[in-house]
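Chemist: So that we are looking at the same thing, I have put the structure below in structure tokens.
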Amino acid sequence: MKKTIKNTEILATENKEWGFWGTAERNGYDAELTWNAASKFLIAEFDLNAEQARDVLDARFGRHLADDLSFIKGTLTEKTITAHLKLRVADTGWRKSFESAITEVTGKTFPRKAPPTKDEIFTLIAQRHLNIETLETRKSDGLDFHDVAVWCIKDALEAAFEAGRKAGK
């Protein structure tokens, strides 16, 4: 079960030089924005407490995670960071990296869970590459039809192709 994180306390970094925070600053990101988004994501996605999230982001994995934010196209916001991280954990290899890092830092172990469904992957790709919130029909032209640039469509198709390749299908 995932935590609701509306009022979750986010702890400050204890590693401003070399962890997630320091790497985010060196990469020119708003360190506070990226730190808070990544912390909230870890707490919700992996059922961590604030101290565990801080410790994971302050560790070596945090540096790599901050560097990975460079793959986000456009402006870094809490929404784009969360969508990017969701796409990452939908990938089996990335999920194992997250889980290994969390286990290494906190001792927490993870039971193996089923990979994301096809619809979950489609929704993640639509959110990440097409800026479409949901693929559910909402019976409203303003919500069901979208103007999308061809390069965004190409990115989405490439992501879908890659997801299929990784799934071995």
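Chemist: Which numbered condition in (1) modelled with pLDDT of 95 or more; (2) in a helix (DSSP H, G or I); (3) over 13 Å from A101 (Cβ atoms) is the only one that L87 fails?
Modeler: (1)
Chemist: Look at A44 and say whether it is surrounded by fewer than 19 Cβ atoms within 10 Å (Cβ to Cβ) and either over 15 Å from the mean Cα position of the chain (by Cα) or more than 22 Å from P115 (Cα to Cα) (or both).
Modeler: When the stated conditions are applied, A44 does not pass them.
Table: residues versus (1) touching a residue at least 24 places away in the same chain (Cβ under 8 Å); (2) surrounded by fewer than 16 Cβ atoms within 10 Å (Cβ to Cβ); (3) under 22 Å from Q52 (Cα atoms).
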site: D67; (1), (2), (3): yes, yes, yes
site: L76; (1), (2), (3): yes, no, no
site: K86; (1), (2), (3): yes, no, yes
site: V105; (1), (2), (3): yes, no, yes
site: P116; (1), (2), (3): yes, no, no
site: S140; (1), (2), (3): no, yes, no
site: W151; (1), (2), (3): no, yes, no
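Chemist: A further question on this structure: Mind counting the residues in segment 8-26 that are closer than 19 Å to A50 by Cβ and part of a loop (DSSP other than H, G, I, E, B)?
Modeler: Adding up the residues that qualify gives 10.
Chemist: With a cut-off of at least 2 residues that are over 25 Å from R63 (Cβ atoms) and under 19 Å from the mean Cα position of the chain (by Cα), name the helices (runs of 4 or more DSSP H) lying wholly within segment 95-169.
Modeler: Counting at least 2 such residues, we get 118-130, 150-167.
Chemist: Which of (1) part of a helix (DSSP H, G or I); (2) free of Cβ contacts under 8 Å to residues at least 60 places away in the same chain does L42 not meet, given it meets every other one?
Modeler: With respect to (1) part of a helix (DSSP H, G or I); (2) free of Cβ contacts under 8 Å to residues at least 60 places away in the same chain, L42 is out only on (2).
Chemist: Related question: Using the structure shown, decide if T109 is in contact with a Phe, Trp or Tyr (Cβ under 8 Å, 6 or more places away or on another chain), more than 21 Å from R165 (Cα to Cα) and loosely packed, with under 15 Cβ neighbours inside 10 Å.
Modeler: Answer is no for this residue.
The values are calculated or read from the model by the stated rules, or taken from the named source; none is laboratory data. Values in this document were obtained by computation on a predicted structure and should not be read as measured data. When we count neighbours, we look across all protein chains shown, and the Cβ atoms used for this are built from the backbone with ideal geometry, even at glycine.
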